[in-house]
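Derivation of every value follows stated rules applied to the coordinates shown; laboratory data play no part. Nothing here was measured: the structure is a model prediction, and the numbers come from that model. Cβ atoms come from the backbone with ideal geometry, glycine included; neighbour counts cover every protein chain shown.
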Amino acid sequence: MNRSFAFLFLLSSALIAQDPPAAAPQQPATQALPAAGSPEAQAIVDKAIDKMLAYGKGSFKTTQSEDNAMMRGAGVPFGQDDTEVEGGWSRNLRWGSFDGSDFLLANGRMLAKVGGAWKLRGKKLGDGKPAPFTLDPELFFTVLKDLPAESRKVVHVDAAEVAGKACTVLSLQFDGEAGTELAESGALPGGGGGGFMMMGGGGGFPMPEIEHTVYVALFVDAGGDVVRLSTRSFEDNPMFANVQIQVAGGPGGGGDDDGDEDKEQEKDADAAKGAPQWKKGLPVKKPGKTESVTTFRADFKSLGLADAPPLDDRMKAMLRAQ
């Protein structure tokens, strides 16, 4: 009896000492995406807009790229470099840094860092470069919220990851009057003729009717925060169809009618293929010969937590921020 008991005791001790069997790896639960056009998708968008407006402050890093129809039609072999701005906002004060130059914006005025001092400037920074477009998140989300509800429909839904956060990507399309309202509001770069200034009125040149289509992609995390905003604006200016530019002694894009006709046929063929392809929340499509395209992206951080740069009494007076 004693030997049997001892044997059983040793056997039990050996089994207890062994490592427990490894648990089978669990697959992460995947949350079903709401369908495009559904009330569920619309609710995420509406709550995200309200939440961004309620925060009132944060930081951002933006990237802007341009594809100007006039330059493209001229066959210019190079384009404008991407514009990157890093900054933030706190209610009506915005601040940013562009290519090493710091600036502050408030109440329609700008202070630029010139040497070691802040000075009032119009459209140029301390190093002489033109001031870049600087996002005003409160303006953007106010304009977005103010657009007619029927125009603020989710046309595409996808999943993505931003800075390690799983996001639902909700894409909206604004065209017609809503597209023009958003493009001309000043909330986004672009608008105003695709960078091409025209003389009208008394000069006998009727201003062309410019059409806008704006795509907006909101990357919303599990907490309902917008961690990334991406937009692509198509501005169709029919005047570009009659513009000819000569570059380095060669003919511009307007001199090859056959080439333009081929491009139009390609565009029609692309449209006939059906629904557009989407990449990172934005449609992948070829612009027409009279369409300028502006692509813009903003990554948000420190929502509700960003600290504005300190302003002394002189700076407050110049910015009318008292």
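Applied to the range 93-106, the Karplus parametrisation 6.51 cos²θ - 1.76 cosθ + 1.60 on θ = phi - 60° returns per-residue 3J(HN,Hα) values of 9, 10, 9, x, 9, 10, 6, x, 9, 9, 8, 10, 10, 6 Hz, with x for Gly and Pro.
Label-to-label distance, Ala166 versus Asp46, with points set 7 angstrom from Cα along the beta-carbon direction: 2.6 nm.
Label-to-label distance, Glu84 versus Glu177, with points set 7 angstrom from Cα along the beta-carbon direction: 4.1 nm. In a shell of Cβ-Cβ distance under 12 Å around Ala308, excluding Ala308 itself, what net charge do Lys and Arg (+1) and Asp and Glu (-1) give? My count for the surroundings of Ala308 gives +3. Rounded to the nearest 0.05, the FRET efficiency derived from the C-beta distance between Gln277 and Ala222 at R0 = 25 Å is 0.40.
Counting other Cβ atoms within 10 Å as a rough exposure proxy, the listed residues Met239, Met52, Met315 run Met315, Met239, Met52 from fewest neighbours to most. Exposure proxy shown here: for Leu282, Leu305, Leu170, the number of other Cβ atoms within 10 Å sets the order, fewest to most, as Leu305, Leu282, Leu170.
You can think of it this way: the chain between Lys145 and Asp313 has 57.0 nm of extra reach, that is 0.36 nm per residue less the Cα-Cα gap.
Taking the Cβ of each residue in Glu181, Glu150, Glu235 as the centre, tally the other Cβ atoms inside 10 Å and list the residues starting with the fewest.
Lowest to highest Cβ neighbour count: Glu150, Glu181, Glu235.
Summing Cβ point charges (Lys, Arg +1; Asp, Glu -1) relative to the Cα centre of the range 99-188 gives a dipole of roughly 600 debye. Bridging of Lys165 to lysines at a Cα separation below 21 Å is possible for Lys47, Lys51, Lys57, Lys61, Lys279, Lys280, Lys301, once same-chain residues fewer than 8 apart are set aside. Were the residues from Lys153 through Asn107 laid out at 0.36 nm apart, the gain over their Cα-Cα distance would be 13.3 nm. Simple spin-label model, 7 Å along Cα-to-Cβ: Glu209 to Ser65 in nm? In this crude spin-label approximation the distance works out to 3.2 nm.
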